[in-house]
C-alpha cells in the first residue's frame, strides 16, 4: 500500500477548516500529498477539492477500506460528498458510436498506447460498420440496432451491458441517437457526449454546412454530460479553431473532426483521473 497513489475528491457546503481537516488527517496518518487543488464557489457557497497522495510512514493504513473507514468521521462531520479511490484502478467505460469513426478511432488508439487512464470494456453501435476497427483493438463490439419501435428495449440492453461490465461511464463518441429522458436520468453524471459545435450554436444535422453558409470564423466542439435537455448538460471542455472565407465544407468537417476527437479525449482522460466534479448545471474540472 505504501507504493500506491490515492485520489480523494470531495465537495461540501463551504466552511472554515475544510482544507485543514483533510490535510491534517493525511499528516496524522503519514500521508504524503502529491497534488492538491481546491475551489470555493462563493456564489453557491460550495467547496470542491481533489487531493492525490500516497503513504509515507508507518501510520499509513495498510488497506483502502481501513483508510476509508478512518476518514469517514471527518466526512460525516463536514457533510462531505466524497470518493476515495486507488489511482491504479481505472474506470470502465463503454463507447457508443454510429457511423463516424474519428472519435472512436482516436479513443481506441489513445487507450491502446496507455494514454487514457480508463479501461474500454466494450463498444456499442446502432450500425455494424465499425466492428472491424473495434475488434482489431481487441475490444468487444455489440451491434444494437435502434428504431422507434424498439428504443426502450435497445436502451435497456445498453443498461444491462453497463451493469455486466461494471461500466462507470458511457461515452457517446458521435452516437447519432438521442437518449430517452429515462436513460439520461439514470446516467446523470456518467454519460459524456461530444457535440459538433461550440455550444449552443448549430445544433442538429449538417452543422458544418450551416456554419459554412453563415460564414463563421470559429468552429469548435464541446464535451458535456448528457441531460434530459438536449445538448444542455454540464460542459466539461470546449475548443475552437479559427477559419476564414477560404475554408470549404470539406475542410470545416476535417478541422471539426480533429477538434471533436481532441476535446472528447480530454474529457475522458479527466474523468478517468477523477478530475471532474459536478456543480449543479456546471462542472469543476481540476486540470
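No lab work stands behind these numbers, since they all come straight from the coordinates. Worth saying up front: this structure is predicted, and the values here are computed from it rather than measured. Note that each Cβ is placed from the backbone with ideal geometry, even for glycine, and that neighbours are counted across all protein chains shown.
Over region 5-86, Cα pairs under 8 Å with separation of 6+ residues give a relative contact order of 45 percent. Taking a ≥ b ≥ c as the square roots of the eigenvalues of the Cα gyration tensor, region 11-153 is prolate, since a/c reaches 1.5 or more and a/b is larger than b/c.
Note that region 92-285 shows a convex hull volume over its alpha carbon atoms of 116 Å³ per residue.
Cβ neighbours within 10 Å, averaged per peptide: list 222-228, 143-149, 8-14 in order, most packed at the top.
Per-residue Cβ counts within 10 Å, averaged per peptide and sorted highest first, yield 222-228, 8-14, 143-149.
Every pair of different Cα atoms in region 5-86 enters the Kirkwood calculation, which places the hydrodynamic radius at 12.9 Å. Between 0 and 90 degrees, the angle of helix 151-165 with respect to the longest Cα principal axis of the chain falls at about 40 degrees. When shorter helices are ignored and each DSSP H run of at least 4 residues is given -39500 (n - 2.57), the per-residue value for the chain at 222 nm works out to -10500 deg cm²/dmol. Applying 1/(1 + (r/R0)^6) with R0 = 30 Å to the Cβ-Cβ distance of residue 245 and residue 99 gives a FRET efficiency near 0.50. Classification of region 92-155 by its C-alpha gyration tensor yields a prolate form. The axis ratio a/c (a ≥ b ≥ c) is 1.5 or more, and a/b outweighs b/c. Among 61-72, 103-114, sorting by the average number of other beta carbon atoms lying within 10 angstrom of each residue, highest first, gives 103-114, 61-72.
Computed from the alpha carbon atoms alone, the convex hull of region 76-116 holds 117 Å³ per residue. Sequence-distant contacts, meaning Cα pairs under 8 Å at least 6 residues apart, place the relative contact order of the chain at 15 percent.
Taking the chain as a Gaussian network, Cα atoms linked when under 10 Å apart, which of 245, 196, 102 shows the biggest mean-square fluctuation? Among 245, 196, 102, the largest mean-square fluctuation in the Gaussian network model of the chain belongs to 245. Using only Cα atoms, locate the centre of region 240-287 and the centre of region 102-154, then give the distance between them in Å, rounded to an integer. Region 240-287 and region 102-154 have Cα centres separated by 19 Å. Specify the angular offset, from 0 to 90 degrees and rounded to the nearest 10, of the alpha carbon long axis of helix 249-272 from the longest principal axis of the alpha carbons in the chain. Approximately 20 degrees, to the nearest 10. Where both bridge residues fall in the chain, DSSP classifies roughly 70% of the beta bridges as antiparallel.
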